[in-house]
Amino acid sequence: MIPPKTIQEIFETAKVKDVVEDFVKLTRRGINYIGLCPFHHEKTPSFTVSPAKNIYKCFGCSEGGNPVNFIMAHEQLSYPEAMRYLAKKYGIHIEEEKISEEYKAQLQLADNLYVVSDFAQTHYQTLLFENDYGRSVGLSYFKERGFREETVRKFGLGFANGQNSDFTKLALKKGYELQYLKKAGLATKYDKDFFRNRVMFPIHNLSGKVIGFGGRILTSDKKQPKYLNTPESDIYNKSKSLYGIYFARKAIVKADECYLVEGYTDVISLHQSGIENVVASSGTALTIGQIQLVKRYAPNITILYDGDAAGIKAATRGLDMVLEQGMNVRVVLLPTGEDPDSYLKRVGAAAFKEYIDESATDFILFKAKLLLEQTKNDPIKRAELITDIVKTVSKIPDSLKRSVYVRECSALLGIQEQILHIEINKRLKIHIKKRQDEDKKKQQPKQQKRPQQQNFSDGDMPPPPEDFGPSELEEEYQGETISDNKLGKATDEFQERDMVRILINFGDKPLEEDETVAEYILMNMLELLDEFDNAIYAGVMREYMEALEAGETITTDYFIRHQDPKIAKLAVHVIATPYEYSEGWEKMNVYLNTQKMPELNHIADAKSGVIRFKLKKIERLINKNHAELKQLQDQKGDYNKVIKLMKVHKKLVELRTELATEFNTVVLR
């Protein structure tokens with residue numbers, strides 16, 4: 001177990017911007033940073049990082065939390081594993097007892113696969129440097145490729161010997177379970193080593209964990225594939241992984257561009273030569289998942305292909321989907337017979353970089369020129385070419401970009417811009433119609449949840465306060481939801497949430513000389529805690545009350561770091577906002593004159609919030625009392641009970657009038 005003192009140190013040390021920036025390209029906007037959300041697909045950034053509050057929040061998919069929450073969600077780690085990850089990142093030593101067998105049994109499958117994969121990487125590298133056969137065969141191969149020792153160690157390269165089950169036997173002897181060795185792709189179904197007599201290239205995820213391997217055979221055995229890759233597992237998804245992304249991500253952000261190559265050795269050679277913004281698709285066709293992985297860090301991608309016929313063919317295949325993701329794509333064809341590794345060795349890093357800069361061609365123009373060359377003097381093929389180019393240009397989401405390409409292609413192909421626009425618009429209409437149909441299907445279940453008797457359309461539905469949408473309240477808390485058919489109850493829950501918002505944000509702030517906001521709210525609402533509809537909101541109120549009674553001070557951070565993930569997520573929702581003050585306000589000395597700035601207005605918020613809440617709850621009690629009274633009168637029930645209910649009704653109406661007068665509002669009934 002991790003001691004509470006160490007947990008506190010991790011929370012105080014971990015900075016959300018530093019943590020998120022390892023995985024997402026962030027751009028400054030005011031006092032916050034924005035980027036493309038890593039938890040759902042989006043083309044326009046809605047993912048916000050607030051260094052001041054040390055939280056992140058996506059206003060598209062509602063994911064949010066603190067640095068620990070981010071690592072847990074992004075890396076699919078348990079709470080202790082996320083803590084260890086951050087402790088390692090910030091150099092915080094954790095003193096804890098050795099992991100027990102009981103704890104091992106509780107680890108998730110993914111955790112076990114990470115552990116055995118890390119053990120395998122260490123084992124393979126040990127064989128490479130410390131085993132005679134490994135040094136003479138494996139290390140010699142890497143030296144022949146020109147890799148220095150520090151490069152070999154940096155990328156974790158290794159060697160698997162030629163015996164059938166040496167690794168598997170060693171792993172079992174060390175206490176690793178055979179089922180995890182098989183699920184990680186390290187052992188076969190026959191309990192033999194999956195990799196034998198191969199140099200090993202570990203594949204890392206964004207956080208640097210080993211998730212798989214690529215092994216290259218060094219013999220001329222034609223019965224064996226040249227490269228053998230780890231089968232897909234719970235931690236390794238080939239279509240969402242890129243070789244070298246862990247080592248390249250910061251360089252990609254800095255260069256605002258990513259180079260994409262095909263092989264492991266290409267990546268390593270370029271890194272060693274100082275060109276670090278490079279990754280490899282590991283011989284697979286480029287996928288949407290891989291494209292989105294690059295897009296997190298840069299909008300520009302340059303793909304380096306071999307200059308032979310196969311490379312030229314590959315350059316025109318599958319890149320439409322890169323354009324569809326809104327990225328800028330360039331293509332570089334290397335001289336015939338060269339790959340990035342060989343050409344780099346032949347000309348050197350400076351000349352290689354210069355060649356890329358001079359030879360990089362926009363993908364669409366490259367494709368148009370290439371196809372134009374192939375369709376000389378053939379009108380039918382030329383028509384097919386134009387259709388192909390139109391299809392490619394229509395994939396570009398930005399209308400201004402499309403216009404530029406239409407103009408360029410018009411001049412290149414000798415066809416009127418208007419004709420190209422007409423054909424592109426036809427395709428766009430089909431695409432838009434398809435998306436609208438898909439959106440309608442997705443929205444149907446949610447529309448059925450809308451209150452039927454109110455007959456609101458989406459445009460008429462009154463917006464909930466502070467960007468916390470109805471869908472979040474309906475789906476977020478697994479059972480603690482708004483009633484499906486009572487708009488009044490929904491309004492009550494919004495007010496309950498507003499009280500919790502004030503408490504979490506400003507509970508420790510002073511209201512009067514000897515009273516905090518929390519003390520004022522809780523003392524004025526003590527008798528109404530049982531009237532809360534949402535159990536989570538009521539739980540926050542009671543927990544705060546218990547802390548006050550114990551003489552403890554609770555801050556906003558307490559809730560952001562709460563061990564109950566529902567409360568921690570709620571805290572992020574109520575303190576995060578997609579709005580910021582315009583930088584021009586401060587530059588032009590423009591300030592609010594009629595009231596304090598929102599973040600300084602907690603006193604008025606607390607006082608008016610309590611009155612609003614009481615008014616709503618008293619209104620509910622009046623309605624409930626009135627319904628009971630009417631039922632008794634209709635049924636000619638107990639006269640004394642009727643009199644009692646009438647007195648209660650009178651008292652409630654008086655309270656409502658007093659509160660309305662204090663709040664300076666009018667009660668219509």
ask   = Considering ILE364, ILE356, which residue is aliphatic (A, V, I, L, M), in contact with a strand residue (DSSP E or B) (Cβ under 7 Å, 6 or more places away or on another chain) and part of a helix (DSSP H, G or I)?
value = ILE356
query = Would the stretch 340-348 turn up any residue that is in the same structural domain as LEU260 (by TED's automatic domain parsing), of a type in the set (Gly, Ala, Ser) and assigned to a helix (DSSP H, G or I)?
reply = yes
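Yes/no matrix, rows are residues, columns are (1) assigned by TED's automatic domain parsing to the domain that holds GLY138; (2) surrounded by 20 or more Cβ atoms within 10 Å (Cβ to Cβ):
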residue: PHE201; (1), (2): yes, yes
residue: PRO231; (1), (2): yes, no
residue: TYR243; (1), (2): no, yes
residue: VAL261; (1), (2): no, yes
Matching residues in the stretch 131-160 - criterion: being touching a residue at least 24 places away in the same chain (Cβ under 8 Å) and of a type in the set (Ser, Thr, Tyr) = TYR133, TYR141, THR151
request  = Could you tell me which residue of the stretch 542-557 is nearest to GLU12 (Cα to Cα), considering only residues that are crowded, with 18+ Cβ neighbours inside 10 Å and out of contact with any Asp or Glu (no Cβ under 9 Å at 6 or more places or on another chain)?
outcome  = TYR544
task = State yes or no: is VAL279 at pLDDT below 90, more than 30 Å from GLN179 (Cβ to Cβ) and touching a Phe, Trp or Tyr at 6+ places or on another chain (Cβ under 7 Å)?
result = no
task = Test ILE575 against the stated conditions and say whether it is in contact with a Lys or Arg (Cβ under 8 Å, 6 or more places away or on another chain) and at pLDDT 75 or above.
result = yes
Residue count for the stretch 76-90, restricted to those that are surrounded by fewer than 18 Cβ atoms within 10 Å (Cβ to Cβ) and under 18 Å from the mean Cα position of the chain (by Cα) = 3
query = In this structure, is THR375 more than 28 Å from ARG435 (Cβ to Cβ) and of a type in the set (S, T, N, Q)?
reply = yes
remark   = Cβ pairs under 8 Å, 6+ apart or interchain, first in the stretch 161-177 and surrounded by fewer than 13 Cβ atoms within 10 Å (Cβ to Cβ), second among the aromatic types (Phe, Trp, Tyr), ordered by first then second residue, are LYS174/PHE119
request  = Please go through the stretch 250-259 and pick out each residue that is surrounded by fewer than 24 Cβ atoms within 10 Å (Cβ to Cβ) and not in a helix (DSSP H, G or I).
outcome  = ASP256, GLU257
query = For the stretch 345-360, does any single residue satisfy the condition of being of a type in the set (Phe, Trp, Tyr) and touching a Leu at 6+ places or on another chain (Cβ under 6 Å)?
reply = yes
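Okay, residues lined up against (1) of a type in the set (Phe, Trp, Tyr); (2) within 24 Å of PHE70 (Cα to Cα):
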| position | (1), (2) |
| --- | --- |
| PHE506 | yes, no |
| ALA518 | no, no |
| ILE536 | no, yes |
| ALA547 | no, no |
| ASP564 | no, yes |
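Listed here are the residues, each with its yes/no results for (1) under 16 Å from HIS562 (Cα atoms); (2) more than 12 Å from the chain's Cα centre (by Cα); (3) surrounded by fewer than 18 Cβ atoms within 10 Å (Cβ to Cβ).
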residue: LYS5; (1), (2), (3): yes, yes, yes
residue: ASP18; (1), (2), (3): no, yes, yes
residue: LYS25; (1), (2), (3): no, no, no
residue: ASN32; (1), (2), (3): no, yes, no
residue: THR48; (1), (2), (3): no, no, no
residue: ILE55; (1), (2), (3): yes, yes, no
residue: CYS61; (1), (2), (3): no, no, yes
residue: ILE71; (1), (2), (3): yes, no, no
query = Which ones in the stretch 183-211 are of a type in the set (D, E, K, R), touching a Phe, Trp or Tyr at 6+ places or on another chain (Cβ under 7 Å) and closer than 14 Å to PHE167 by Cα?
reply = ASP193
ask   = Can you pull out the residues in the stretch 111-168 that are under 29 Å from MET72 (Cβ atoms), aromatic (Phe, Trp, Tyr) and in a helix (DSSP H, G or I)?
value = TYR114, PHE119
message = Being among the small types (Gly, Ala, Ser), surrounded by fewer than 21 Cβ atoms within 10 Å (Cβ to Cβ) and either closer than 21 Å to LEU157 by Cβ or in contact with a Lys or Arg (Cβ under 9 Å, 6 or more places away or on another chain) (or both) narrows it down to one residue among GLY215, GLY289; which is it?
response = GLY289
remark   = Quick count over the stretch 74-106, residues being at pLDDT 75 or above and of a type in the set (Val, Ile, Thr), is 2
message = Given the options ASP234, ASP221, ASP191, name the one that is within 33 Å of the chain's Cα centre (by Cα), modelled with pLDDT under 95 and in a loop (DSSP other than H, G, I, E, B).
response = ASP234
request  = Among what's in the stretch 333-378 and is surrounded by fewer than 14 Cβ atoms within 10 Å (Cβ to Cβ) and within 18 Å of ALA255 (Cβ to Cβ), pick the residue that is nearest to the chain's Cα centre (by Cα).
outcome  = ASP357
message = What's the number of the only condition in (1) buried (at least 24 other Cβ atoms within 10 Å of the Cβ); (2) in a helix (DSSP H, G or I) that PHE247 fails to meet?
response = (1)
message = One residue is enough: does the stretch 467-475 have a residue meeting the conditions among the hydrophobic types (A, V, I, L, M, F, W, C) and modelled with pLDDT of 70 or more?
response = no
ask   = Out of the stretch 226-271, which residues are farther than 25 Å from ARG145 by Cβ and hydrophobic (A, V, I, L, M, F, W, C)?
value = ILE235, VAL253
inquiry  = Give me the residue from the stretch 360-391 that is of a type in the set (S, T, N, Q) and either touching a helix residue (DSSP H, G or I) at 6+ places or on another chain (Cβ under 9 Å) or outside the structural domain of ARG407 (by TED's automatic domain parsing) (or both) and, out of that set, nearest to ASN300 (Cα to Cα).
reply    = THR361
task = Output the number of the condition that GLU257 fails; it satisfies all remaining conditions of (1) touching a helix residue (DSSP H, G or I) at 6+ places or on another chain (Cβ under 8 Å); (2) at pLDDT 90 or above.
result = (1)
message = Let me spell it out: the conditions are (1) out of contact with any Leu (no Cβ under 7 Å at 6 or more places or on another chain); (2) assigned to a loop (DSSP other than H, G, I, E, B); (3) closer than 20 Å to ILE211 by Cβ, and PHE23 meets all of them except one. Which number is the exception?
response = (1)
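The values are calculated or read from the model by the stated rules, or taken from the named source; none is laboratory data. What you are looking at is a predicted structure, and each value in this text was computed from that prediction instead of being measured. Note that each Cβ is placed from the backbone with ideal geometry, even for glycine, and that neighbours are counted across all protein chains shown.
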